[in-house]
Each structure stands twice: as structure tokens, then as C-alpha cells.
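J.: Before we start, here is the structure in question, set down as C-alpha cells.
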Amino acid sequence: MQPFVQAFFDEATNTLTYLVQEPEGRACAVIDSVLDFDYASGRTDTRSADAVIAHIRDHGLDLQWILETHVHADHLSAAPYIQEHLGGKIGIGDRITVVQETFGKIFNEGTRFQRDGSQFDRLFGEGDSLMIGQLRGDVMHTPGHTPACLTYVIGDAAFVGDTLFMPDFGTARCDFPGGSAAVMYDSVQRILALPDDTRIFVGHDYKAPGRDTYAWETTVGAQKARNVHVGAGRSRDEFVAMRQARDATLAMPRLIIPSLQINMRAGQMPEPEDNGTSYLKVPINGL
């Protein structure tokens, strides 16, 4: 089956949110939603999520899933906000527990922070499936960028999160805690083993040099032939050496501190303190 896919691009974080709809029905899923956040003021805004909600309501759709490809380090998830307005179950990979344990220590979270993934409605493992109405989605565990990264293969479309970018931009970084360039290479090869005409929808786009427009849809065949990091038969050793050298030059994402603390809680804010206000921590020299 070929799902209808509507993309919502957030230029502030270069993030793609996808609305995936069964071709002959009203059931849909949202993948990688965005909660707008101004770090300087500490204020959130819901304009990006509201655009998705409005589209679903305007078209009379039935939201069944709010899916995360991983715990994002560059934007906040709007999953709880969307769920509050439209329902649906929030899902992520079952390796979220590894991410929660890692960053629970980095942010010195107390015992009230559960590290068992219970903040999410569904934890997906390798080979699990889900239904969006009559449309089937299959789950591939594709770690490397983070330990919990998933690819959702829904009909003829694969939603790869941060594992692959557009062919002219390559792949995501692998230097966060729990990341691995070698593991990333193996995950990419699993994605590239899908049929060549499988549509690939990427999690971010940054306009590769020489390209003046944003893009987010490609195919497995195009990635195999032209991806600047893994295409044309590039070896595992070559990829690992390139990725490690490149990652050593990259600064931390602008919103990594708030994003990790909120996204590992399924998009919920840290528990309010006795004055009713939630606070974020900044681990000095911790990342």
C-alpha cells in the first residue's frame, strides 16, 4: 500500500514532521512532532504542532499513533500536546531504556524519573508491527545515531529519522553517548536492502552545498547510488573513518540540553518543583 504523506517543515530546527495516512481511509499517524522552544526565554510555543492538529481536523482524520524515531537532541517533541487534543498512542523504540539510563545519570535525575520507558504508550522492538487503519507499518531497529533509533517502514515508505539524510548530505552524526559509526553503517545497509523504489523520508534537511531548496523525500535506489557518505559501495572502514573525523568538528546542537531532558520523558516537562514551575538542568562540562 502507498500511504499519503504530508510533510511539515520546521525551519528553526530543520526538522520534518510527517503525517502518514492510510490510502483509503481516515486513519493516520504523526511521526516526529515539534514543540517550539525559545531557549533564551525558556518559553514553549505550539504553532508547529497546531498546524499538524489543524490539518488532521480539517481533513476529518483519525489520529491513531504519535511516533518517535528516537530521542531527539535538536528539538522538543510535541507528542503529549498532540495526544491531549487528538488522542493516539505515543510510541518509540524499546531501547529508550538505554537512553534514559545514560542521560538520567548525566542530568542526575532522581528516583522519581523512571528509566523503564513507561512514559510512552508503546515500546517497539525489532520486527514489531503496527496498524494505521488498514495500513501496516513494520519496525526496524536502526541504531548508530542513538541506541534507540527506529525506522518505520509503512507501506512503500520508510521514515528513517536521523539515520540517513538526503543523498547529497549523507548521514547523521554518531558521537552522542551510545552512538557508534560502525553500528550506523550496519543500520544503513539494512535500510538500503529495502526495494529500490521504497520512498525514504528523512528527519532533517540542511540544504547541501549547491542546493538552494529544502528536500526530504528520496528513494532507496537514489541513496545507494548517490549518498555522499555511504553510496556507491563505500566500505564500512571508510565510512567509520569519515564519520569519526567529521563528528569531531561538529558543535553540540543548540537545543540538546532541553531536548534530551524532555524527550526522554516522552515530551513531558520535568516534574514541577514546590513552586509549581518545571526547571531544566545544565550539566557543566557534562556533554
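The values are calculated or read from the model by the stated rules, or taken from the named source; none is laboratory data. Computed from a predicted model, the values in this text were never measured in an experiment. All Cβ positions, glycine included, derive from the backbone under ideal geometry; neighbour counts span all protein chains shown.
J.: When you go through (1) under 30 Å from I53 (Cβ atoms); (2) in contact with a Cys (Cβ under 8 Å, 6 or more places away or on another chain) one by one for G144, which number turns out not to apply?
T.: (1)
J.: Hand me the list of strands (runs of 3 or more DSSP E) wholly inside the range 141-220 holding 2 or more residues that are touching a Gly at 6+ places or on another chain (Cβ under 6 Å) and under 21 Å from E68 (Cβ atoms). If you could, list the steps in order and put the result at the bottom.
T.: Working: elements: 150-154, 157-159, 199-201, 217-219.
Qualifying strands (runs of 3 or more DSSP E): 150-154.
J.: Please specify each residue of the range 228-245 satisfying the condition of being outside any helix (DSSP H, G or I), surrounded by 16 or more Cβ atoms within 10 Å (Cβ to Cβ) and either polar (S, T, N, Q) or at pLDDT 95 or above (or both).
T.: Residues satisfying the conditions are V228, H229, V230.
J.: Go through (1) surrounded by fewer than 18 Cβ atoms within 10 Å (Cβ to Cβ); (2) touching a Gly at 6+ places or on another chain (Cβ under 9 Å) and name the single condition E273 misses.
T.: Of (1) surrounded by fewer than 18 Cβ atoms within 10 Å (Cβ to Cβ); (2) touching a Gly at 6+ places or on another chain (Cβ under 9 Å), only one is false for E273: (2).
J.: Follow-up. Which one of A40, A7, A54, A79 is at pLDDT 95 or above and under 30 Å from Y279 (Cβ atoms)?
T.: Working: A40 fails: at pLDDT 95 or above; A7 fails: under 30 Å from Y279 (Cβ atoms); A54 fails: under 30 Å from Y279 (Cβ atoms).
After ruling out the rest, the residue left standing is A79.
J.: Continuing with the same structure: Pairs only if they're at least six apart or on different chains, beta carbon under 6 angstrom, first in the range 168-186 and under 13 Å from R234 (Cβ atoms), second assigned to a helix (DSSP H, G or I) and of a type in the set (K, R); list them, first residue then second.
T.: Cβ pairs passing all conditions: A181/R243; Y185/R236.
J.: Within the range 246-275, which residues are among the small types (G, A, S), within 19 Å of F120 (Cβ to Cβ) and in a loop (DSSP other than H, G, I, E, B)?
T.: Within the range 246-275, A266, G267 qualify.
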